[in-house]
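**Student:** Next up is a structure, given as structure tokens.
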Amino acid sequence: MGRADENPPIGEPTPPTQFGEPPEDGAAEAIERPEDHPVETAETAQSAETGESGVLRNSAVMAIGTVASRITGVGRDIAVVAAIGFATLSDAYSLGNSLPNIIYILIVGGALNAVFVPQLVRHIKQDADRGDGYAHRLLTLTAIVLLVLSVASVLLAPWIVRLYAPDDYSQADLEIAIAFTRLCLPQIFFYGLFTMLSQVLNSRGHFAMPMFAPIVNNLLVIGMALGFLYVAGDAVTVDTITNGEVLWLGVGTTLGVVLQALVLIPVLGRVGYRYRAKFDFRGYGLRKTAGLAGWTLALVLANQLAFIVITRLATSANVQAAEAGVVAQGLTTYQKAYLVFILPHSVITVSIVTALLPRLSRSAAEGRLADVAAGISSGARLLAALIVPCAAMLVVFGPMITTVLFNFGAGSGPAATYTGVVVTGFALGLLPFSTFYLLLRGWYSVEDTRTPFLVTVVFNLVMLAIAVPLYAAVPPGLKVLSLALAYAGSYWVTVLIAWALLSRRLGGLHSGATAAAIGRIVAAGLVAGLAGFGAAYLLRQGFIAISHRDMESALVGHPVFALVTLLVGGAITAVVYLAGCRVLRVSDLDEVLTMIRSRLPGLRGRAATGD
């Protein structure tokens with residue numbers, strides 16, 4: 001998905017990168033989407049987005065754009081899995097295509113995403129040239145850093161791969177991973193270019209094109225994967241893949257990122273920005289920005305040190321699975337499960353938080369910390385109202401979802417269904433994951449990047465303390481699931497610590513009222529999840545009676561049955577959740593439904609009258 005997917009970000013749920021895709025914060029998170037807002041002044045900004053209803057309206061527009069990108073992104077992953085499956089070849093490709101994201105985020109991406117957007121907004125408001133001088137120099141400096149970083153990374157590719165690859169990788173696995181890495185590492189430059197151009201457009205109130213640019217990437221990679229499948233078939237392995245086929249996969253993947261960045265260049269002229277290379281970096285606030293970015297870089301470093309461990313464990317899982325004769329599972333399984341897990345976050349959380357962020361930054365800049373706290377607490381309630389039912393559905397229907405998505409070509413069979421079991425593990429942490437994303441933006445709005453770093457260190461320590469012994473304790477068939485469970489459990493611990501720290505920083509976050517509201521939402525979600533599980537169980541029993549299969553293998557290789565179960569069970573889950581929220585008087589969901597009704601033809605009158 002050239003969308004912003006994510007190598008499961010450790011500690012920073014901005015999806016920096018599901019593997020091989022542009023970092024989320026540089027794409028979706030920086031992509032608010034009401035299309036043609038004028039550049040905000042201090043006065044117009046304050047009146048533009050006041051109240052939750054304004055956030056909801058902007059979030060709805062953003063969600064539409066996000067969905068369009070995500071649909072093609074899912075198509076991209078379906079095509080790639082159909083071409084190369086879930087076994088060790090797929091892991092070698094995934095590792096090679098992950099490393100550009102990891103290096104980019106590690107060196108510059110985290111700072112660009114977390115620090116430079118607020119700084120661009122401030123310079124637009126404060127500078128006589130509306131921030132153009134700052135943007136020129138920031139783009140120039142970033143391009144220089146990215147170019148040097150890309151060249152150095154290509155030269156150091158063998159050593160970088162060995163850092164992330166497990167010790168039990170065969171020589172053939174290692175050589176293929178290095179080849180893919182060399183072909184993909186030039187993406188670093190274009191990830192950065194895409195992120196910076198998106199930030200410039202966003203800071204000037206233009207959000208549509210950065211959202212739709214990843215679609216170009218996705219479509220190109222879909223074509224590349226389908227072409228590979230047509231020419232090479234679905235049975236290619238590490239031992240049989242040719243040099244030409246490696247080039248086809250690696251160059252095709254990188255070209256998608258190149259085009260994603262380049263399509264933004266014509267849009268800059270239309271919004272009135274003309275880039276000029278500037279090399280006099282003094283006197284434009286870059287030193288202050290670099291200081292703010294220092295803690296963010298430390299945060300990303302803490303994330304990636306932990307991620308080295310997780311990557312090595314996940315890739316080793318496939319080697320162990322092959323030796324034990326159990327279902328293939330490894331880095332690709334981890335990534336694709338994370339892809340499904342992150343979809344609700346990407347559509348809902350990123351859209352809501354992106355709409356909230358300018359308001360939080362303005363309130364913080366004007367010293368109105370009580371307004372920042374109110375925005376965080378209302379945002380947390382709103383997120384929970386929308387995220388909890390998604391989490392319930394992922395927990396119950398994860399295996400059905402991945403069977404529908406990935407049971408094609410080289411991905412057919414038990415590996416596709418097992419990926420959904422890993423989704424279930426991840427989904428147990430979806431609520432704290434999304435809440436932590438919101439809390440990070442609260443800190444960034446008050447220019448505090450030190451506290452997120454410290455909290456992230458805690459997260460990584462907790463996760464590794466859970467993941468390493470759990471991974472060692474479980475059998476080969478549950479290795480990747482253990483990593484997902486550790487990830488989810490760690491967020492529950494971390495979000496409580498993060499909430500307490502931010503509450504103290506802002507003078508309170510209305511914690512009691514927020515916890516009570518979220519508690520009612522979670523209760524409704526639990527009931528809905530149980531109803532969905534019951535429906536899925538009954539449907540599976542009926543299918544077993546008809547097909548004479550056993551319970552364990554009922555889903556495997558049957559995407560049609562999985563789809564029917566998903567649609568019927570999902571509908572029941574949604575209805576029960578809405579009913580539960582109505583009984584428990586969850587007002588945040590009522591506001592969402594009122595907004596939706598007001599935008600659907602034929603329902604506007606009813607929304608206005610309250611019917």
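Throughout, read-outs are computed from the coordinates displayed, never taken from laboratory work. Just so it is clear, the structure is predicted and the values come from calculations on it, not from any experiment. Neighbour counts run over all protein chains shown; Cβ positions are idealised from the backbone, glycine included.
**Student:** Separation between the LEU578 and VAL271 pseudo-spin-labels, each 7 Å from Cα along Cα→Cβ, expressed in nm?
**Tutor:** Taking the two extended label points, one gets 3.6 nm.
**Student:** Still on this model: Once the piece of chain linking ALA473 and ILE144 is laid out straight, how much longer is it, given 0.36 nm per residue of separation minus the C-alpha distance between them?
**Tutor:** Extra length from ALA473 to ILE144 when fully extended: 113.8 nm.
**Student:** Tell me the label-point distance for the pair GLU175, GLU323, using the 7 Å Cα-to-Cβ offset, in nm and rounded to one decimal.
**Tutor:** Here the modelled spin labels are 2.2 nm apart.
**Student:** Hey, can you grab everything whose amide H is under 5 Å from the amide H of ASP234? Only 5+ residues off in sequence or another chain; H modelled, so Pro and N-termini drop out.
**Tutor:** none
**Student:** What are the ³J(HN,Hα) values, in whole Hz, obtained from phi via the Karplus relation 6.51 cos²θ - 1.76 cosθ + 1.60 with θ = phi - 60°, for each residue of the range 375-382 in sequence order, with x given for Gly and Pro?
**Tutor:** For the range 375-382, the Karplus-derived couplings read x, 5, 5, 5, x, 5, 5, 5 Hz, x marking Gly and Pro.
**Student:** Now for a separate question. Could you run the Karplus curve 6.51 cos²θ - 1.76 cosθ + 1.60 with θ = phi - 60° over the range 184-191 and give me ³J(HN,Hα) per residue in whole Hz, x for Gly and Pro?
**Tutor:** 9, 4, x, 4, 3, 4, 7, 4
**Student:** Using only alpha carbon pairs under 8 Å that are at least six residues apart, calculate the relative contact order of the range 303-423 and give it in whole percent.
**Tutor:** Across the range 303-423, relative contact order equals 29 percent.
**Student:** Can you figure out the FRET efficiency of LEU530 with LEU461, using R₀ = 45 Å and their beta-carbon distance, to the nearest 0.05?
**Tutor:** Numbers: r = 34 Å, r/R0 = 0.76.
It comes out at approximately 0.85.
**Student:** Given the Cα-Cα distance of LEU563 and ALA513 and 0.36 nm per residue of separation, how much length would full extension add, in nm?
**Tutor:** Details: separation 50, 0.36 × 50 = 18.00 nm, distance 3.89 nm.
Working it through step by step, the gained length comes to 14.1 nm.
**Student:** Mind listing the phi-derived Karplus ³J(HN,Hα) values for the range 85-98, rounded to whole Hz, using 6.51, -1.76 and 1.60 with θ = phi - 60°, and x for any glycine or proline?
**Tutor:** x, 10, 8, 5, 4, 4, 5, 5, 5, 4, 5, x, 7, 7
**Student:** What distance in nm separates the two pseudo spin-label positions at ILE546 and LEU247, each 7 Å out from Cα along the beta-carbon direction?
**Tutor:** 4.9
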